[in-house]
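Readers should treat all values here as calculations from the given coordinates under stated rules, not as data from a laboratory. Please read these numbers as outputs of a predicted model, since none were measured by experiment. We place every Cβ from the backbone using ideal geometry, glycine too, and count neighbours over all the protein chains shown.
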Amino acid sequence: MTITPDNATTTIAGDGTYSFAGLFPGSYTVTPTLSGYTFSPTSESLTVSNTDETGVDFTATLDTCNDVDRFLDNNDGTVTDCRTDLIWLKNASCYGRQAGDVAMSSAGGLNSDECGLTDGSVEGDWHLATKDELQGIGTDPPATWGPGRPLVTWTIPGSPFVFVQSSYYWSSTEYDTDGAWYVSLADGSTTPGDVRWDFFNSYYYVWPVRSDN
């Protein structure tokens, strides 16, 4: 919730009621904002003339894929890609950099109450994103490429995702018996890497994803 001009302190009650204190007499515009919701009206004007309280009511409706261009914030630690129906972990670097075999285990063991999740998911619901899934999230999918930089428009995923790294991410797509592809979110290019837990191993970011069922 924002108020313009901005010269007030804001508090929120458990029922979602916002209160502003310290407003000078004058005209203000109140605009409710919360990712994943559409508000009606989108903003409302009010006039403060004395110490009397003035109330403004808004109706909040949970967004669906019909309301967004691509990515839908589910407000439970997940984001839906409305063009693929894949559900991604909102925090794109919860596990930091890990070895390839550890990355596979971390993604597969993810469940609700971890990494900001409140979606009720359990261990086994999630998997480490495949090469195609990682490349598709930065393009207008579907897109399937081989190694090397893709000759398509690439965009690093932004809001509503958080902590997306312009760096390398492990995929679950095997390269050979000891290796898997990793993907650069800087440009979508792919490179084979060794996943074994030894001094040859590389450490890259982990991004779990799951289906919508």
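One compactness figure for the stretch 73-182 is 1.05, namely its Cα radius of gyration divided by 2.2 N^0.38 Å.
A simple charge model with +1 on the Cβ of Lys and Arg, -1 on the Cβ of Asp and Glu and nothing else charged puts the dipole of the stretch 68-210 at about 400 debye relative to its Cα centre.
Values of log10 I(q)/I(0) for the stretch 2-62 across q = 0.23 Å⁻¹ run -1.05, by the Debye formula with one identical scatterer at each alpha carbon and no solvent. Ordering Ser167, Ser45, Ser93 by the number of other Cβ atoms within 10 Å of each residue's own Cβ, fewest first, gives Ser45, Ser167, Ser93. Exposure proxy ranking for Cys82, Cys94, based on other Cβ atoms within 10 angstrom of each Cβ and starting from the fewest, stands as Cys82, Cys94.
The three principal axes of the C-alpha atoms in the stretch 1-122 carry coordinate ranges of 64, 29, 23 Å, sorted with the longest axis first. Of the residues Val152, Val79, Val195, the one with the fewest other Cβ atoms within 10 Å heads the list, and the complete ranking is Val152, Val195, Val79.
Size of the chain from its Cα atoms: along the principal axes, largest to smallest, the extents are 74, 35, 31 Å.
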